[in-house]
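Enquirer: For reference, the structure I am asking about is given below.
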Amino acid sequence: MLYKFPKLESESLVLREIKLSDAEAIYRIFSDPSVLEYHDVEEFKNIEEAKYLIYSLSEGFREQEVIRWGIAKKRENIIIGTCGYSGWNKNRLRAEIGYELCQTYWRQGIMTKALSAVIHYGFEIMQLNRIEATVMLPNIASMKLLQKLGFQEEGILRERGFWKGHFHDLKMFALLKKDYVSSW
């Protein structure tokens, strides 16, 4: 049982709890159509949606079903993305990993560093045995990221997702604890 929200740090990043004071940054991320192109969330239309997301993430952590970190560069401490686990099943020792990052910071290695910390935390502290990720088929960048982190492709889940008015085929990736090599 996690009682206090964990803070994770690398040389250049801090992964921390998302607070109501981060609502403006969360709104910027989740109102960008490029960021949400392959995401199962509609673009935010106002700051209230960002506040509701922050509240939902806090409740999800309290219920021990979700843990989602805000990603910030250490110097600025402004949220530039999020990453973490949903569908956290403590009995079956598995969870699904998810992430998004402001477009300005794409292809700089930030998400690789952030997810490395989150994966390490998942296996070592949360005692997960399996970390899953589902990715829309056109999202090649996300697939490459997961493969770089050691995830293996397991197959296509036909019409597994339904959002934005359409069914979506999703590619399943997984990383097992026995296959994990820490880069953290």
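The values are calculated or read from the model by the stated rules, or taken from the named source; none is laboratory data. The structure presented is a predicted model; accordingly, all values stated were derived computationally and were not measured. Cβ: placed from backbone, ideal geometry, glycine included. Neighbour counts: every protein chain shown. Note: accessible area is taken over every heavy atom of the protein model, side chains too, but ligands, DNA and RNA are not part of it. Shrake-Rupley method; radii C 1.70, N 1.55, O 1.52, S 1.80 Å.
Enquirer: Those residues that are closer than 15 Å to Glu96 by Cβ, open to solvent by less than 30 Å² (accessible area, probe 1.4 Å) and not in a loop (DSSP other than H, G, I, E, B), I need them from the range 148-167; list them, please.
Expert: Gly161
Enquirer: Pairs under 6 Å by beta carbon, first residue over 18 Å from Asp169 (Cβ atoms) in the range 131-152, partner small (Gly, Ala, Ser) and at pLDDT 95 or above, six or more apart or different chains?
Expert: Partner pairs satisfying both residue conditions: Ile131/Gly122.
Enquirer: Determine which single condition Ile140 fails, assuming it passes every other condition in (1) open to solvent by less than 80 Å² (accessible area, probe 1.4 Å); (2) over 13 Å from the mean Cα position of the chain (by Cα).
Expert: So Ile140 meets the others, but not (1).
Enquirer: Looking at the range 18-32, I want the residues that are free of Cβ contacts under 8 Å to residues at least 60 places away in the same chain and have a partner that is basic (Lys, Arg) and open to solvent by 30 Å² or more (accessible area, probe 1.4 Å) with Cβ atoms under 7 Å, at least 6 apart or on another chain. Which pairs are those?
Expert: Leu20/Lys51; Ala23/Lys51
Enquirer: Report the residue count in the range 20-60 for those that are outside any loop (DSSP other than H, G, I, E, B) and over 16 Å from Gly84 (Cα atoms).
Expert: Number satisfying all stated conditions: 14.
Enquirer: Tally time: how many residues in the range 1-30 are open to solvent by less than 60 Å² (accessible area, probe 1.4 Å) and either in contact with a Cys (Cβ under 7 Å, 6 or more places away or on another chain) or modelled with pLDDT under 95 (or both)?
Expert: Final tally of qualifying residues: 4.
Enquirer: Mind checking which residues of the range 73-85 are open to solvent by less than 50 Å² (accessible area, probe 1.4 Å) and not hydrophobic (A, V, I, L, M, F, W, C)?
Expert: Result: Gly81, Thr82, Gly84, Tyr85.
Enquirer: Right, here's the next one. Which numbered condition trips up Trp88, out of (1) in contact (Cβ under 8 Å) with a residue 40 or more places away in the chain; (2) hydrophobic (A, V, I, L, M, F, W, C); (3) open to solvent by less than 70 Å² (accessible area, probe 1.4 Å)?
Expert: (1)
Enquirer: Another question, if that's okay. Is it the case that Leu15 is within 14 Å of the chain's Cα centre (by Cα), part of a helix (DSSP H, G or I) and farther than 25 Å from His166 by Cβ?
Expert: no
Enquirer: Looking at the range 36-72, which of the residues that are over 23 Å from Ile110 (Cβ atoms) and basic (Lys, Arg) is surrounded by the fewest Cβ atoms within 10 Å (Cβ to Cβ)?
Expert: Lys45
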